[in-house]
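Student: Right, I'll just put the structure down here and ask away after.
The values are calculated or read from the model by the stated rules, or taken from the named source; none is laboratory data. What you see is a predicted model, and the numbers here were worked out from it, not measured in a lab. Cβ placement follows ideal geometry from the backbone for every residue including glycine, while neighbour counts extend to all protein chains displayed.
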Ligand SMILES: Nc1nc2c(c(=O)[nH]1)N[C@H]1C(S)=C(S)[C@@H](COP(=O)(O)OP(=O)(O)OC[C@H]3O[C@@H](n4cnc5c(N)ncnc54)[C@H](O)[C@@H]3O)O[C@H]1N2
Ligand code: MOO
């Protein structure tokens, strides 16, 4: 029987071409203020057309001065020149003058330092005069300001290009757009951003019993948990998802796929084990139900249904469907909600997250088991659990219908093949599942 790591490698090989092709598709261009931009992956390198900051500017509200005016030492009294508020074009600072300058305003031409207003005497601005303001009636009596000490050249001046040089790459292709990177692109004037197209997944949950939430629940039926669960997980991992629900009729499943249009990947839930109505198997695989693989055989054509030495998530299908000219890599997950959720978690989400530039989830660490437990010796068991106050972990029962338990689980615990019993206090491999 195939191990879960062997199956993960087979799935990775199956998806590699489609993920490569998705990364190379013509990018999608999103406006810089698009709500969907955060978290997307940059499709190509972007370079700054302007330096950042675009011009020398003041780090403080104060006076722009020429340090040469302090050659004779301090204290020094200068005539108050024209004012430079942020947003005005650069003004000139004549020798012997100090120009009121506000934080972010261009350093006046000729000035090479800023003295914060708190260090001036008086320590507040008088009436500010901009270049086009009429001269005050009392122009004769020029306003002056005194500074107790001489500034260093460059003091409180934020130099043009000191954050980022013009022409240098702002972000490289493949970078994940975080809020700060979006701000950086905006500061360089980038209005639309080329992002990698999302992987398009057609998600089909199957079963005569599954009913859309919101519909009345007829006797014997259950609500469809898997489509919303898997859609959320796939979207979280950066994919675009089209979700469909079909009854246990192979022709309905095939028609649904043929009508769905272009997708990169098909994911199904349910209909793959040993029952009398296994819609997914019946639709994709005309062969046997031994669990040893279907008529398709190879992953290049057809879907192979197989049993993995893992619990939950034992039954799996992987391969390529080719229906009415629609050819797609396909993963078929088992119907039990915990089984399908953990199948996605182990086999698909890591590949999608990597493609979407997202960090890998839940690095595995070792914890201490709070109680005795048993596990099927020939399977890798994935248990759900939570942390106790003393840091040890308590596991919940293994059944794969326990969705409420999965929804409150803090961790997944891995009990490897070959282990049938673990005593309280044993080390156990875990990963966080609540992030
Ligand atoms: N004789 C055998 N029976 C079963 C085997 C086996 O090896 N021999 N394997 C068991 C295991 S393990 C699993 S897992 C399931 C997998 O079954 P299927 O993939 O064929 O899934 P279904 O039979 O369609 O459904 C299983 C279970 O999950 C519920 N379900 C299905 N879809 C949804 C949905 N969208 N939302 C919520 N719940 C769903 C369904 O009602 C069933 O209870 O087979 C075991 N049996
Ligand atoms: O292997 Mo099934 O996936 O337990 O529930």
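Student: Can you pull out the strands (runs of 3 or more DSSP E) entirely within region 91-150 that have at least 3 residues that are crowded, with 17+ Cβ neighbours inside 10 Å?
Tutor: The qualifying strands (runs of 3 or more DSSP E) are 97-101, 113-116.
Student: Another question, then. Which one is nearest to ligand 2 (Cβ to nearest atom) among residues in region 305-314 that are in a strand (DSSP E or B) and surrounded by fewer than 24 Cβ atoms within 10 Å (Cβ to Cβ)?
Tutor: 311
Student: Moving on to the next point. Anything in region 73-84 that is crowded, with 16+ Cβ neighbours inside 10 Å and part of a loop (DSSP other than H, G, I, E, B)? List them, or say none.
Tutor: Once the filter is applied, which keeps residues that are crowded, with 16+ Cβ neighbours inside 10 Å and part of a loop (DSSP other than H, G, I, E, B), region 73-84 yields 81, 82, 83.
Student: So the check is Cβ under 8 Å with 6+ separation or different chains; which pairs have a first residue in region 340-360 that's over 15 Å from residue 201 (Cβ atoms) and free of Cβ contacts under 8 Å to residues at least 60 places away in the same chain and a second one that's assigned to a helix (DSSP H, G or I) and away from ligand 2 (no atom under 16 Å from the Cβ)?
Tutor: Matching pairs, first to second residue: 359/353; 360/350; 360/353; 360/354.
Student: Further question: Of the residues in region 229-268, how many are more than 28 Å from the chain's Cα centre (by Cα) and assigned to a helix (DSSP H, G or I)?
Tutor: 10
Student: When you scan region 1-17, how many residues do you find that are within 16 Å of residue 353 (Cβ to Cβ) and modelled with pLDDT under 95?
Tutor: Qualifying residue count for the region: 0.
Student: Please enumerate the residues belonging to region 401-435 that are within 15 Å of ligand 1 (Cβ to nearest atom) and touching a strand residue (DSSP E or B) at 6+ places or on another chain (Cβ under 8 Å).
Tutor: 402, 405, 406
Student: Sort out which residues of region 199-220 are outside any strand (DSSP E or B), modelled with pLDDT of 95 or more and in contact with a helix residue (DSSP H, G or I) (Cβ under 8 Å, 6 or more places away or on another chain), and write them in order of number.
Tutor: If the condition is that a residue be outside any strand (DSSP E or B), modelled with pLDDT of 95 or more and in contact with a helix residue (DSSP H, G or I) (Cβ under 8 Å, 6 or more places away or on another chain), then 199 is the only one that fits.
Student: Taking the condition of being surrounded by fewer than 18 Cβ atoms within 10 Å (Cβ to Cβ) and either in a strand (DSSP E or B) or in contact (Cβ under 8 Å) with a residue 12 or more places away in the chain (or both), how many residues in region 35-53 meet it?
Tutor: Result for region 35-53: 8.
Student: Consider residue 154 carefully, then state whether it is assigned by TED's automatic domain parsing to the domain that holds residue 241, more than 29 Å from the chain's Cα centre (by Cα) and either without any contact (Cβ under 8 Å) to a residue 24 or more places away in the chain or over 30 Å from residue 255 (Cα atoms) (or both).
Tutor: Considered against the rule, which asks whether it is assigned by TED's automatic domain parsing to the domain that holds residue 241, more than 29 Å from the chain's Cα centre (by Cα) and either without any contact (Cβ under 8 Å) to a residue 24 or more places away in the chain or over 30 Å from residue 255 (Cα atoms) (or both), residue 154 comes out as no.
Student: Just to be sure before I move on: is residue 167 farther than 30 Å from residue 35 by Cβ and under 43 Å from the mean Cα position of the chain (by Cα) in the structure I sent?
Tutor: Considered against the rule, which asks whether it is farther than 30 Å from residue 35 by Cβ and under 43 Å from the mean Cα position of the chain (by Cα), residue 167 comes out as yes.
Student: Can you tell me which residue among 100, 54, 123 is touching a helix residue (DSSP H, G or I) at 6+ places or on another chain (Cβ under 7 Å) and at pLDDT 95 or above?
Tutor: None of the others qualify; the one that does is 123.
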